[in-house]
Amino acid sequence: MIPSEFEYHRPGSIAAALAVLEEHGDDARVMAGGHSLIPMMKLRMADVPHLIDLQSIDELKGISVEGGKVTIGAMTTQHELITNDALAAAAPIMREAALLIADPQVRYMGTIGGNVANGDPGNDMPGLMQCLDATFSLHGPDGTREVQARDFYEAAYMTDREDDEILTRISFAAPKGGQAYEKQKRKIGDYATAAAAVIIEKASGKVASASIAMTNLSDTPVFSEAAGSALVGSDCGSDAMSNAVSAMLGDIDPTEDNRGPVEFKKHVAGVILRRAIERAWSRA
Amino acid sequence: MGKQIITLTVNGEKHEVAAEPRELLVHTLRETLNLRGPHVGCETSHCGACTVDIDGKSVKSCTMFAAQADGAEITTIEGIATPDGMHVLQEMFREHHGLQCGYCTPGMITRAYRLLQENPNPTEEEVRFGIAGNLCRCTGYQNIVKAILAAAAEMNAAREAAQ
């Protein structure tokens, strides 16, 4: 499987990458780790006359944890997320989720920026970023702007990012409380049948706050404010959990595919959310 | 969009090769450099038969353009053996029947090589998780896992003896 012809660019700065994007318009596309884009190019489902490889842009790399704020460059690989101890201390849910993505080889190449910017509803990081209330930085010809992960996703592969913008950085406040990422998949390397990201803060034995987001159960990630609210003030017992699951089921909109019919997906979503809530609560 | 010259250091030897941007690394290794160890299995980033080591990372060379590897250091199965003979991993795959048809073996060993660099003393579970990106349709994996664990033990013993 060989892609159709293209011209390869490897700029050394964000400005240089933006210049190539501006010059070639719709004919150009940026590539991070390439493990979503290259397979699509091989299948000739993606045609990219000008491929812009971001690997040599140092501005897009690195993880920093300072003063309770986590900042991650878009070209940081899943492998780097997993092996960074400062990140694991500040937000253990990041390592837990990254370990469930694809397989070891793919995690050495796959990046957080590619994962969140691609807009694939099967990707794990978008839901997690919504759970963390993360902010994405976008660089374009007119400068930089910031978008909340909860406002970024419009439909499958459709996001708020303009074609002439590059997603450069992700930041979020180090979460307080117990965290858990739970994912049901058919086999290693598969996308989720259902996945849940949950963060719960505990005060005086009750849920003080809860953030819940679901993956691959709609054409975008689903931040379920109602599911989180259903837990607040409760002891996170079985009634509260059932209320949270009901609220979540009202927010998702799965479609039938080779991972199963709609009823099955809703069932799995409920099981996975319960497990994630239990684990997050036990860590709160 | 003609060919461009790229530099690859493969198994310690520097090569300048001409490749079209769309040329996948596995084809450059196999067809231009005549290294037939990295196998083309599924061509869809799943099976891991094409795994090579690039700048300290296990990479599926069917999912990388040769141009992306310009300037990189690459180790293929051909570079795993030492001048004194086979690498311990190769010896242990033979000893423990870690292969049957052998098609997945170069990728398996190249991946296991990096896994043991990062985690010299893995548990069985860590070995299984660490080779989850490599498929084998013959062995049922048991003997592959045994071979990797045995190689880890040998390598650790050799390291201790050297100290």
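Odds and ends about this structure:
- Cα convex hull of the stretch A:63-173 - mean projected area over all directions, nm²: 6.5
- Most fluctuating residue given options A:Ala32, A:Ala213, A:Ala90, as computed from a GNM of chain A linking Cα atoms under 10 Å: A:Ala90
- Where labels lie 7 Å past Cα in the beta-carbon direction, separation of A:Arg44 and B:Glu154 in nm: 4.7
- Stokes-Einstein diffusion of the stretch B:4-78 at 37 °C, 0.692 mPa s viscosity, Kirkwood radius from Cα pairs, rounded to a whole number: 276 µm²/s.
- Per residue, the accessible area of the stretch B:38-110 comes to 37 Å² when a 1.4 Å probe rolls over the protein heavy atoms.
- Taking A:Glu182, A:Glu59, A:Glu201 in turn, the Gaussian network model of chain A (Cα-Cα springs below 10 Å) assigns the largest fluctuation to A:Glu59.
- Stokes-Einstein diffusion coefficient of the stretch A:7-52, Kirkwood radius over Cα pairs, 4 °C, 1.567 mPa s, in µm²/s: 119
- Candidates A:Asn258, A:Asn123, A:Asn84, ranked by Gaussian network fluctuation over chain A, Cα under 10 Å, top entry: A:Asn258
- For the stretch B:14-163, Kirkwood radius (reciprocal of mean inverse C-alpha pair distance, Å): 15.7
- When DSSP beta bridges are restricted to pairs lying wholly in chain B, around 90% turn out antiparallel.
- As a rough guide to protection, the peptides B:80-87, B:134-141 ranked by mean Cβ packing within 10 Å, highest first, stand as B:134-141, B:80-87.
- Treating each Cα of the stretch A:178-283 as one equal point scatterer and applying the Debye formula with no solvent, the log10 of I(q)/I(0) at q = 0.11, 0.22, 0.24 Å⁻¹ comes out as -0.30, -1.08, -1.25.
- Evaluating 6.51 cos²θ - 1.76 cosθ + 1.60 at θ = phi - 60° for every residue in the stretch B:33-45, the Karplus couplings come out as 9, 6, 9, 9, x, x, 9, 8, x, 8, 6, 10, 6 Hz, glycine and proline recorded as x.
- For A:Glu154, distant residues with modelled amide H under 5 Å away: A:Thr159, A:Asp160
- Once Rg and the Kirkwood radius are both taken over the C-alpha atoms of chain A, their ratio Rg/Rh works out to 0.98.
- Accessible surface buried once B binds A (1.4 Å probe; total of both sides; Å²): 2700
- Computed from backbone phi with θ = phi - 60° and the Karplus coefficients 6.51, -1.76 and 1.60, the 3J(HN,Hα) list for the stretch A:30-38 is 7, 10, 8, x, x, 7, 9, 6, 4 Hz; x is used for glycine and proline.
- Only beta bridges with both residues in chain A are counted; by DSSP, about 85 percent of them are antiparallel.
- For the stretch A:94-135, accessible area lost to neighbouring protein chains reaches 50 Å² or more, against the chain alone with a 1.4 Å probe, at A:Pro104, A:Gln105, A:Tyr108, A:Met109.
- Accessible-area composition of chain A, carbon plus sulfur, in percent [1.4 Å probe]: 46
- Surface analysis of the stretch A:42-149 yields an accessible area of 33 Å² per residue, using protein heavy atoms and a 1.4 Å probe.
- Backbone HN-Hα couplings from phi across the stretch A:255-268 [Karplus 6.51/-1.76/1.60, Hz, Gly and Pro as x]: 10, 6, 8, 6, 8, x, x, 4, 4, 4, 4, 5, 4, 5
- Nearest-10 value in Å² for the accessible area of B:Glu125, using the 1.4 Å probe: 150
- Cα gyration tensor shape of the stretch A:197-253, rounded if a/c is under 1.5, else prolate or oblate by comparing a/b with b/c: prolate
- Rg and Dmax of the stretch A:132-187, both derived from C-alpha coordinates alone, stand at 14.4, 44 Å.
- For chain A, the mean residue ellipticity at 222 nm estimated from helices alone is -10000 deg cm²/dmol, where every DSSP H run of n ≥ 4 contributes -39500 (n - 2.57) and the total is divided by all residues, rounded to the nearest 500.
- Summarising the label geometry, the points placed 7 Å from Cα in the beta-carbon direction at B:Cys101 and B:Gln4 lie 3.7 nm from one another.
- Average other protein chain Cβ within 10 Å of Cβ, residues B:60-70: 5
- Between helix A:238-251 and chain A: long-axis angle, C-alpha atoms, 0 to 90°, nearest 10: 40
- Among the listed pairs A:Lys176/B:Lys57; A:Lys202/A:Lys265; A:Lys61/A:Lys183; A:Lys42/B:Lys3; A:Lys185/B:Lys57, a Cα-Cα separation exceeding 22 Å is found for A:Lys176/B:Lys57; A:Lys202/A:Lys265; A:Lys61/A:Lys183; A:Lys185/B:Lys57.
- Accessible carbon and sulfur surface of the stretch B:88-162 relative to its total accessible area, %, 1.4 Å: 50
The values are calculated or read from the model by the stated rules, or taken from the named source; none is laboratory data. It should be emphasised that the depicted structure is a prediction, and the values quoted were computed from it without experimental measurement. Cβ coordinates were reconstructed from backbone atoms using ideal geometry, including for glycine residues, and neighbour counts include every protein chain displayed. Accessible surface is based on the protein model in full, side chains and every heavy atom, while ligands, DNA and RNA are left aside. Shrake-Rupley method; radii C 1.70, N 1.55, O 1.52, S 1.80 Å.
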